[in-house]
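Notes to accompany the following structure.
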Amino acid sequence: MPNSPLILGLESSCDDTAAAVLRGREILSSIVVGQDALHAAFGGVVPEIAARAHAEKLDLAVEQAVAEAGVPLAEIDAIAVTAGPGLIGGVLSGVMTAKGLATALGVPMIGVNHLAGHALTPRLTDDLPYPYLMLLVSGGHCQFLIVRGPDDFTRLGGTIDDAPGEAFDKTARLLGLPQPGGPSVEAEAQEGDSKRFRFPRPLLDRPGCDLSFSGLKTALLRERDRLVAEHGGLHAQDRADLCAGFQAAVRDVLAEKSRRAIALYLGEHADDPAMAVAGGVAANQELRGALQAVCADHGLAFVAPPLRLCTDNAAMIAYAGAELWALGVSHDMTLSARPRWPLDRTAAPLVGSGKKGAKA
Ligand code: KG4
Ligand code: ZN
């Protein structure tokens with residue numbers, strides 16, 4: 001797409017400092033500088049440390065993204081930046097950097113909702129037409145959305161406490177497994193018996209698409225403590241069985257709530273049967289398999305973008321910015337950083353605030 005505008009995207013709302021250059025759907029570069037090592041000793045993301053690291057690394061990420069894209073900075077047509085929701089210090093760093101660059105280059109700036117970046121990713125990767133159903137499952141977010149346009153979302157439900165990625169991370173911590181917890185719990189679960197421990201399936205007894213994951217973690221802690229009290233420690237098989245039981249509970253809850261979200265979605269959009277996932281937890285094979293089966297049962301296409309674009313990155317921000325810009329959206333120097341910024345402005349606020357800050 002040689003005539004598409006050249007967009008520089010910036011992302012710094014949590015613990016990844018990212019910059020990317022896109023022309024249309026073509027990703028010319030996508031740089032992601034993680035901060036895992038900086039936060040490792042604290043058992044979670046420390047907002048002040050994250051903000052300082054973003055302030056230090058954003059310029060470098062931009063330089064690298066532009067160099068890898070092989071285009072002079074002067075050719076950039078617009079800057080897209082995450083303006084929320086997220087940890088305020090990081091979001092501020094990104095917005096200030098974008099303002100400086102937009103002023104210096106004399107180009108427009110577009111403030112993008114981080115969640116919209118995730119929600120539009122299947123359009124970047126698979127050119128998925130509107131509307132579609134989206135399940136966003138990460139370390140900070142969990143919600144079902146009907147996506148009708150770059151600024152047109154309906155939230156069907158979401159977590160009322162922890163996000164699933166947080167639950168995987170906490171489970172790993174309780175069992176002495178390395179972070180991030182998702183991949184290590186998934187690897188352990190492969191050796192385990194998912195039926196030995198019967199963990200709760202929270203909120204399945206209630207109607208609707210809201211989810212809850214904090215009780216699951218408490219149930220796992222209780223089981224772990226019982227095993228330790230009985231046997232003086234955890235055997236390798238105990239640990240694998242606990243992981244398998246936990247993963248099966250998360251899978252079942254997300255699969256059943258997806259069924260309900262699909263029914264609501266098809267009620268309005270029976271002619272557009274498609275469901276997509278985004279977020280780091282979408283890497284989980286067990287979950288992907290279950291969601292694929294649910295979609296097949298209901299005759300929906302299932303779109304799962306590659307993992308590097310499911311997790312936090314700036315290509316999704318540049319892409320969402322390009323769609324908004326095409327609709328005439330751009331922002332002036334009054335653009336502010338928003339710690340909370342719900343995609344669906346009519347939906348009731350979600351309670352809870354996880355390791356990634358407010359859940360919007
Ligand atoms: O989207 P992401 O990179 O960051 C945000 O939370 O925004 O997601 C990271 C989360 C972590 O909590 C991590 O444990 C989880 O995704 N995760 C997984 C897997 N890979 C990453 N959870 C379950 N299974 C996996 N294979
Ligand atoms: Zn994210």
- Give, to the nearest whole percent, the P(r) tail of the chain beyond 37 angstrom, counting all Cα pairs. 19
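With the Cα gyration tensor of the range 130-306 giving a ≥ b ≥ c as the square roots of its eigenvalues, does the rule (a/c under 1.5 for rounded; else a/b larger than b/c for prolate; else oblate) give rounded, prolate or oblate?
Values: a/c = 2.27, a/b = 2.17, b/c = 1.05.
In terms of gyration-tensor shape, prolate.
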- Query: Near Glu191, within a Cβ-to-Cβ distance under 10 Å, what is the net charge of the other residues, with Lys and Arg +1 and Asp and Glu -1?
  - Reply: -2
- Go through 220-231, 84-95 and give me the packing order, highest mean Cβ count within 10 Å leading. 84-95, 220-231
- Can you give the net charge of the other residues whose Cβ lies under 14 Å from the Cβ of Ala255, counting K and R as +1 and D and E as -1? +2
- Could you please state, rounded to a whole Å, how far the C-alpha centre of the range 229-259 is from the C-alpha centre of the range 6-62? 33
- Task: For each of Asp205, Asp162, count neighbouring Cβ atoms within 10 Å of the residue's Cβ, then give the residues from fewest to most.
- Result: Asp205, Asp162
- Spatially near lysine pairs across the chain, Cα under 29 Å, sequence gap of 8 or more or different chains: 23
- Message: Report the Cα centroid-to-centroid distance between the range 119-166 and the range 277-321 in angstrom, as an integer.
- Response: 9
- Quick one: check the C-alpha center-to-center distance for the range 178-205 versus the range 332-349, whole angstrom. 34
- Expected unfolding gain across Met333-Thr218 under the 0.36 nm per residue rule, minus the alpha-carbon gap, is 36.8 nm
- Query: In nanometres, what is the gap between the two model label sites at Glu191 and Phe42, each 7 Å from Cα along Cα-to-Cβ?
  - Reply: 3.3
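The numbers here are math on the coordinates, done by the rules we state, and not lab data. As the structure is a computational prediction, the values presented were derived from the model and not from experiment. Virtual Cβ from ideal backbone geometry, glycine too; neighbours counted across all protein chains shown.
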